[in-house]
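These notes are about the structure you will find just below.
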Amino acid sequence: MGVYIKNNSFDQLLTELSRDYIITAPVKLPGKGAFSDTPLVTYREIRGAGEIEFNEKSRFSPKEIIYPITQTLFYFTENEYSRPAVPDQGIIIFCRACDVHAFRRLDEIFLRNGGCEDIYFAELRKKVKFFVMECRESFENCFCVSMGTNRLEDYDVMLRVSGDAQECDARGDFAGIFTGYGEAVEMIPRFVEENHTKVTVPENIDRQVFKHPLWEEYSSRCIACGHCTVSCPTCTCFTMQDIFYEDNPKCGERRRVWASCMIDGFTSMVGGHGFRNEKGDRMRFKVMHKIYDFRKRFGYNMCVGCGRCDDVCPEYISFANCINRVNTIASGVSAHE
Amino acid sequence: MLDINTKKLIKNAYRVTKDRGFTALRVRVPGGSLDVRYFDIIKRIAEEYGSGRVHITTRQGFEIPGIPMVKIAEINEIMAPLLAGMESAIGVEINDLNGGYPAAGTRNVSACIGNSVCPFANFNTTELARKIEKVIYPNDFHVKIAVTGCPNDCIKAHMQDIGVIGMVLPEYDPDRCIGCEACMKNCRKVASGALSMVNYKVKRDHQRCLGCGECILKCPASAWTRGDRYYRLVIMGRTGKKNPRIARTFMEWVGEDAVLKVIANMYAYIDKYIDRTLPKEHVGYIVDRTGLPVFCREVLLDVDTGSMGKVAGFIPFGGYVYERSSY
Ligand code: SF4
Ligand code: SF4
Ligand code: SF4
Ligand code: SF4
Ligand code: SF4
């Protein structure tokens with residue numbers, strides 16, 4: 001259902017929706033960038049349409065809304081435990097096509113992997129409605145077209161900024177609500193069809209790629225800071241923490257907290273042994289997971305080509321370029337055989 | 001037959017040099033940053049009147065040597081656009097733009113490159129240096145001030161009468177913290193060891209924290225973000241023959257207004273207490289004579305140090321005295 005909605009009406013529409021939904025969107029926070037006098041574009045619960053950042057890619061992905069960085073699973077006292085409250089409302093997420101594809105990857109891991117559903121993820125995931133902001137053109141470092149995540153069938157509302165209005169394609173219950181705030185138009189979603197960055201993911205990866213000297217270069221370049229994985233919309237790893245409150249250690253809570261395969265300690269075992277101490281090995285592990293291992297199990301690639309890892313790496317390591325390097329090596333290797 | 005008033009010449013930012021009849025002009029560059037079009041003026045003066053060379057001064061100015069003293073008036077006219085663009089334009093009052101620099105005692109306010117380039121910088125150092133220039137120039141008192149973006153102190157604020165060091169209050173959102181310990185390890189290695197891990201989250205000891213902002217830079221999750229901006233003021237560092245010493249903290253966690261006000265007040269303090277029997281007296285030696293309490297009373301007049309601000313009650317300057325007796 002295509003609807004043309006002026007910005008002030010769109011704001012009223014969001015006010016109406018906020019009765020039943022927590023509305024989250026990328027916002028631009030002035031002065032909150034790591035460098036002084038720079039902004040941070042990140043996800044927040046919003047109160048009005050004016051807060052939404054339509055023009056820039058968010059540094060962090062929307063996954064943190066339903067898969068929080070720190071999530072308390074339960075509180076415990078001596079012989080009882082209780083679970084934290086879960087909000088009654090639904091959750092609207094303003095995001096982009098690649099982000100929705102990324103949620104599909106999270107679903108694979110949390111809902112279907114190993115035949116057991118993660119209840120914490122599931123109960124929040126059920127609430128989500130995707131309001132997808134059309135990308136007029138590719139951002140720097142995006143390679144969604146190469147990863148096949150530029151197009152999207154599966155959305156609740158598609159939005160196109162059009163001067164001082166939004167052209168929307170609203171589906172389901174939203175169709176009726178949206179119609180009340182604007183006039184009917186034809187709205188056929190448009191998608192980015194070309195990126196500046198293009199990658200070729202190799203079909204088959206020979207074991208020789210694993211031993212290739214390519215990875216040694218990353219050992220000297222990567223600083224294991226984890227920026228790439230924390231900004232990635234498809235990383236799902238977490239660690240568990242049992243907290244005993246300082247004031248009264250008889251009470252506490254169990255949390256899960258994001259973890260990163262790039263950061264020290266990820267492979268630490270009892271006795272101090274770690275099996276990917278070299279940063280190049282971590283890079284290999286990450287890259288292989290994103291473009292090979294996940295695919296072996298689920299049939300499609302984990303990486304959605306959002307380019308956030310390239311946006312944030314302080315050492316200018318390009319994940320996209322690494323894919324292409326792996327492809328060159330992989331094709332060379334197979335040609336050799 | 002040269003008849004030159006050297007007092008006026010010096011006040012005009014020229015120097016008495018070892019070559020009789022020749023002088024050197026010192027060009028100020030407040031904040032250490034200038035539009036390259038002013039190079040044309042500097043180049044012209046050096047080529048047409050000087051030796052064809054410039055010396056880059058330790059205060060981030062240019063010194064143009066080999067100028068015949070008789071050409072000063074001519075050069076001052078050529079300088080007019082430079083004075084207009086680099087001094088008047090930032091609010092410094094210059095009555096006669098064709099008359100060259102109106103004072104030279106208070107030295108150029110220098111600055112590290114700051115946040116126009118440097119990722120560590122907590123603020124725009126050039127902008128603050130220019131604001132300070134506006135407060136203190138023209139002035140004949142011999143004072144050295146420098147501004148630096150963070151406690152790395154690349155401009156050597158610790159060698160100045162007043163050194164301004166940028167600080168930021170790091171704000172922590174524990175829910176965003178993945179417990180990677182990057183901030184904690186880094187603070188211990190390169191800053192102050194103000195951070196520790198408690199229950200997998202980070203605790204910051206404000207007494208130890210330098211406000212350098214390193215933790216913010218290191219955090220992959222933006223659990224640390226930038227809070228309000230503050231400054232540390234270090235005072236009375238000096239070189240020289242009598243008692244070289246490094247500046248010490250006088251105030252920390254104070255705002256820009258407090259910094260500017262303290263600097264303005266310091267000029268009033270100098271005016272009140274300077275020993276006028278000497279050709280000049282550096283402010284550090286005045287503080288040595290009056291003691292810190294008098295300095296504090298004068299410079300803190302009407303200064304709002306804010307809710308976070310701290311002022312040193314006692315400063316063990318110490319420093320170094322050349323041990324002549326040991327030779
Ligand atoms: S690996 Fe990089 S490009 Fe791929 S989904 Fe993650 S952040 Fe985006
Ligand atoms: S962001 Fe760059 S340097 Fe940091 S862990 Fe990732 S690849 Fe390594
Ligand atoms: S003092 Fe700090 S801000 Fe200034 S140049 Fe050095 S590191 Fe950068
Ligand atoms: S601002 Fe600097 S000194 Fe303070 S906690 Fe952060 S890294 Fe440590
Ligand atoms: S760097 Fe950030 S995520 Fe890591 S421990 Fe410090 S605050 Fe937490």
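A few notes on this one:
- Farthest toward positive dipole pole in the stretch B:169-229 [+1 Lys/Arg, -1 Asp/Glu at C-beta], among B:Pro174, B:Gly227, B:Cys212: B:Cys212
- Virtual spin-label span in nm between B:Tyr273 and A:Arg325, 7 Å along Cα→Cβ: 6.1 nm
- Number of partner chain Cβ atoms within 10 Å, mean per residue of B:167-179: 4
- When cysteine pairs in chain B are screened for C-beta atoms closer than 4.7 angstrom, the residues that find no partner are B:Cys118, B:Cys150, B:Cys177, B:Cys180, B:Cys187, B:Cys209, B:Cys212, B:Cys219, B:Cys296.
- Among B:Ala80, B:Tyr137, B:Gly105 - extreme Cα towards positive end, dipole of the stretch B:1-160, charges at beta-carbon: B:Gly105
- Qualifying lysines (Cα of each under 24 Å from Cα of B:Lys156; at least 8 residues distant if same chain): B:Lys131, B:Lys134, B:Lys144, B:Lys189, B:Lys241, B:Lys242, B:Lys261, B:Lys280, B:Lys310
- Computed helical MRE - 222 nm, chain A, DSSP H runs ≥ 4 contributing -39500 (n - 2.57), nearest 500: -7500 deg cm²/dmol
- Accessible-area ranking of A:Arg282, A:Arg221, B:Arg276, largest first, probe 1.4 Å: B:Arg276, A:Arg221, A:Arg282
- For the stretch B:169-229, the gyration tensor built on C-alpha atoms gives a rounded shape. Its axis ratio a/c (a ≥ b ≥ c) stays under 1.5.
- Peptide A:34-46 shows a mean partner chain C-beta count of 4 within 10 Å per residue C-beta.
- Counting only protein heavy atoms and using a 1.4 Å probe, the accessible area of B:Tyr322 comes to about 110 Å².
- 5 angstrom amide H check on B:Glu281, placed H, neighbours 5+ away: B:His142
- Lys, Arg +1 and Asp, Glu -1 on Cβ, resulting dipole of chain B about Cα centre, debye, nearest 20: 1040 debye
- Annotation: average projected area of chain A is 20.8 square nanometres, based on the convex hull of Cα atoms across all directions.
- Backbone geometry of the stretch B:87-98 corresponds, through the Karplus equation with coefficients 6.51, -1.76 and 1.60 at θ = phi - 60°, to 3J(HN,Hα) couplings of 10, 4, 5, 9, x, 6, 7, 10, 6, 10, 5, 8 Hz, x marking Gly and Pro.
- Choice from A:Asp37, A:Asp11, A:Asp247 with maximal GNM fluctuation in chain A (Cα, 10 Å cutoff): A:Asp247
- Annotation: amide H of A:Phe35 has no partner in the under-5 Å range at sequence separation 5 or more or interchain, hydrogens built in the peptide plane.
- A Cβ-based charge dipole, computed about the Cα centre of the stretch A:12-141 with Lys and Arg at +1 and Asp and Glu at -1, lands at about 200 debye.
- Within straight-line cross-link reach of B:Lys201, lysines at Cα separation under 17 Å, skipping those fewer than 8 residues along the same chain: B:Lys185, B:Lys218
- Distant-in-sequence amide H partners of A:Val199 (H built 1.01 Å from N, under 5 Å): A:Ser146
- Distance between the stretch A:1-48 and the stretch B:255-327 - C-alpha centres, whole angstrom: 50 Å
- Largest accessible area first, the residues B:Glu256, B:Glu281, A:Glu203 order themselves as A:Glu203, B:Glu256, B:Glu281 under a 1.4 Å probe with ligands, DNA and RNA left out.
- Acute angle (nearest 10 degrees) that the helix B:37-48 long axis makes with the longest principal axis of chain B, alpha-carbon atoms: 30 degrees
- Cβ-Cβ FRET estimate between A:Glu217 and A:Tyr245, R0 fixed at 51 Å, reported to 0.05: 0.65
- A:Cys116 versus B:Val190: modelled label distance in nm, points set 7 Å from Cα along the beta carbon direction: 4.2 nm
- For chain A, DSSP calls about 75 percent of its internal beta bridges antiparallel.
- With R₀ set to 41 Å, the beta-carbon distance separating B:Asp302 from B:Asp3 gives a calculated FRET efficiency near 0.30.
- The distance from the alpha carbon centre of the stretch B:57-98 to that of the stretch B:110-181 is 27 Å, rounded to a whole number.
- Estimated distance in nm for a label pair at B:Thr239 and A:Asp20, the labels positioned 7 Å out from Cα along Cα-to-Cβ: 7.4 nm
- The stretch A:75-134 versus the stretch B:1-51: alpha-carbon centroid distance in Å: 70 Å
- Put simply, chains A and B cover up around 2200 Å² of each other's accessible surface, both sides summed, when a 1.4 Å probe is used.
- Descending by average beta-carbon neighbour count within 10 Å, the peptides B:144-157, B:178-191, A:38-51 line up as B:144-157, B:178-191, A:38-51, the highest first.
- Taking a ≥ b ≥ c as the square roots of the eigenvalues of the alpha-carbon gyration tensor, the stretch A:30-70 is classed oblate because a/c is 1.5 or more while a/b is no larger than b/c.
- Fraction of beta bridges assigned by DSSP in the protein assembly as shown that are antiparallel (%, nearest 5): 80 percent
- DSSP beta bridge pairing in the stretch A:69-180, given as percent antiparallel to the nearest 5: 50 percent
- Note on chain B: dipole from Cβ charges, positive end direction compared against B:Val117, B:Gly31, B:Ser51; the farthest Cα belongs to B:Ser51.
- Pairwise Cα distances in the protein assembly as shown exceed 46 Å in 38 percent of cases.
- Average accessible area per residue (Å²) across chain A - probe 1.4 Å, nucleic acids and ligands excluded: 48 Å²
- Note on chain B: helix-only mean residue ellipticity at 222 nm, from DSSP H runs of 4+ residues weighted -39500 (n - 2.57) and normalised by residue number, equals -8000 deg cm²/dmol.
- Treating r as the C-beta distance of A:Arg151 and A:Thr200 and R0 as 25 Å, the FRET efficiency rounds to 0.85.
- Heavy-atom accessible surface of chain B: percent carbon and sulfur, 1.4 Å: 52 percent
- Residues of type lysines that A:Lys126 reaches as a straight line, Cα spacing below 20 Å, ignoring anything fewer than 8 places off in the same chain: A:Lys63
- For the stretch B:169-229, the Cβ-based charge dipole about the Cα centre amounts to some 200 debye (Lys, Arg positive; Asp, Glu negative; other atoms uncharged).
- Partner shielding of B:216-229 amounts to 6, given as the average count of beta-carbon atoms from other chains within 10 Å of each residue beta-carbon.
- Between 0 and 90°, nearest 10: helix B:256-273 axis offset from chain B longest Cα axis: 50 degrees
The values are calculated or read from the model by the stated rules, or taken from the named source; none is laboratory data. Just so we're clear, the structure is a prediction, and the values are computed from it rather than from any experiment. Methodologically, a virtual Cβ is constructed for each residue, glycine included, from the backbone with ideal geometry; neighbour enumeration extends over all protein chains shown. Just so you know, the surface numbers come from the protein's heavy atoms only, side chains and all, with ligands and any DNA or RNA stripped out. Shrake-Rupley method; radii C 1.70, N 1.55, O 1.52, S 1.80 Å.
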